[in-house]
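The block underneath contains the structure these notes are about, expressed in structure tokens.
The values are calculated or read from the model by the stated rules, or taken from the named source; none is laboratory data. Just so you know, these numbers come straight off a predicted model, no measurement behind them. When the accessible area is computed, the model is the full protein with side chains, heavy atoms only, and any ligands, DNA or RNA have been set aside. Shrake-Rupley method; radii C 1.70, N 1.55, O 1.52, S 1.80 Å.
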Amino acid sequence: MNIRSATFIKGAVGTDDIFEDGTPQVVFVGRSNVGKSSIINSVTNQKSLAKTSFFPGRTQQINIFLINRVFYLVDLPGYGFAKVPKEVWRKIQKMIGWYLFDSGYVFRKVVLIIDAKIGPTSDDMNMLRSLEEENKDIIVVANKIDKIKKSEYDRQIQKIRDIIGMHKVIPYSAEKRIGAGELVDVIVAE
Ligand code: GDP
């Protein structure tokens, strides 16, 4: 299946009726700067559907996109380091934690994005473990594979797979649009 349509619906900062309207939610989460917006743009085939630098306010809310008029792609703010005041940062982290772990909302899938060259950081592993504890259906996207030297590629991807364990890992490059077909298949699958 393809992504035929993708529309920005709204931003949420907490409880919202939209999360309870019965539409399946596919969540995208990752550290700031890992390339989450670029990935969302590459899978939806749109240049600036999610573009943090163009819409600064949007980086501090939960952005909801409707895909194929069938499910929501939920774009969470980046966790970890971000260039915002401490108070704002705390609020964002609290919102991420609430949505993922306390809201009670059911997710079709959680797509955890990591940097393929750096590998999973301790922040990424904390997120992964927390998601596992809550039995979420997790897929890991290892973005920026274009930055890995050819000679190191196989070893680096294997290392990531070993660390991530049982979950599916999709090697990805938003820049070169590698892996987009596989990721689309996974997120549109019921
Ligand atoms: P976000 O903060 O996670 O939404 O990240 P962005 O999508 O804004 O990307 C952060 C930076 O990483 C930008 O400078 C992007 O151009 C760059 N970037 C994103 N994806 C890739 C990729 O696949 N390869 C490379 N080389 N750079 C990327």
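Annotation: aspartates and glutamates with alpha-carbon distance below 17 angstrom to residue 144 (same-chain offsets under eight excluded): 115, 124, 152, 154, 175, 182.
Taking every DSSP bridge with both residues inside the chain, close to 40 percent are antiparallel. With all protein chains kept in place, the per residue accessible area of the chain amounts to 52 square angstrom at a probe of 1.4 angstrom. Of the cross-linked pairs 109/149; 136/159; 109/176; 94/149; 36/94; 91/149, those separated by over 26 Å at the C-alpha level are 109/149; 94/149; 91/149.
Short to long, the 10 Å bins of the Cα pair-distance histogram for region 6-188 hold 9, 40, 38, 12, 1 percent of all pairs.
Per atom type, the chain shows carbon and sulfur on 49% of its accessible surface, probed at 1.4 Å.
Note down the relative contact order for the chain as a percent, whole number, built from C-alpha pairs under 8 angstrom at least six residues apart.
Values: 311 pairs, mean separation 48.4, N = 190.
Relative contact order comes out at 25 percent.
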